[in-house]
Amino acid sequence: MQAETKRMSIVDSILAEIEQEAEKTKRLLDIVPEDKLSWRPHPKAKSLGELAMHVAGLQGGVAELGQNDIAQRPEDLGVDPEAASRDQILKTFAESQEKARSIVGSTSEEALFVEWKVMSGDRTVAAMPRIAFWRSILLNHNYHHRGQLSTYLRQLDVPLPSIYGPSADVDPFA
């Protein structure tokens, strides 16, 4: 007789990924230098404080945007406040993670496959199953900005923690 294998639900797999990746993200947010929050690598780039706040608040905001089947494009899309302190960044991150876990955790498997739309007025900007939006923006978009954050920190000569393996500064396998 074969043992029955229990499959993880899609919602549970997203929650597990949020949890696993939050640790890695927090390692970077923990080392954002407060005296460099207004620094930017290029005039067109976000400041370190703006990027850190974007990373900190992204998942909760995206989960909230994807909660209903139709969302209006946020008026302030792409505009992030500059952090006043690392404590503000970490508080925003904790609140955002809790919001994302709550919203994703209360979503049914069926709702993941319902078409989700973002509108700009009466024009559809994007339409896809909610799961595609969450995979693409809640998760992948977050990793993109986390990578930007690690690049900012490297340019500021901040020793980087391990993310998926050794960094030039830390070898978790040594």
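Points worth noting:
- Filter pass, T25 being under 23 Å from Y152 (Cα atoms) and touching a Lys or Arg at 6+ places or on another chain (Cβ under 8 Å): yes
- Segments classed as strands (runs of 3 or more DSSP E), wholly inside segment 67-174, with at least 2 members that are modelled with pLDDT of 95 or more: 115-120, 123-129
- Segment 23-47: number of residues that are buried (at least 19 other Cβ atoms within 10 Å of the Cβ), assigned to a helix (DSSP H, G or I) and out of contact with any Leu (no Cβ under 8 Å at 6 or more places or on another chain): 1
- Candidate set: segment 124-164, residues that are more than 19 Å from the chain's Cα centre (by Cα) and small (G, A, S); chosen: the one surrounded by the most Cβ atoms within 10 Å (Cβ to Cβ): A126
- Complete set of residues in segment 133-161 that are without any contact (Cβ under 8 Å) to a residue 12 or more places away in the chain and over 22 Å from F93 (Cα atoms): D157
- Some residue of segment 48-61 being in contact (Cβ under 8 Å) with a residue 60 or more places away in the chain and outside any helix (DSSP H, G or I): no
- Pairing each residue of segment 29-42 that is without any contact (Cβ under 8 Å) to a residue 60 or more places away in the chain with any residue that is part of a loop (DSSP other than H, G, I, E, B) and of a type in the set (K, R), provided the two are 6+ apart or on different chains, yields C-beta distances under 7 Å for R40/K46.
The values are calculated or read from the model by the stated rules, or taken from the named source; none is laboratory data. Small disclaimer: the values here were computed from a predicted structure and weren't measured. Neighbour counts run over all protein chains shown; Cβ positions are idealised from the backbone, glycine included.
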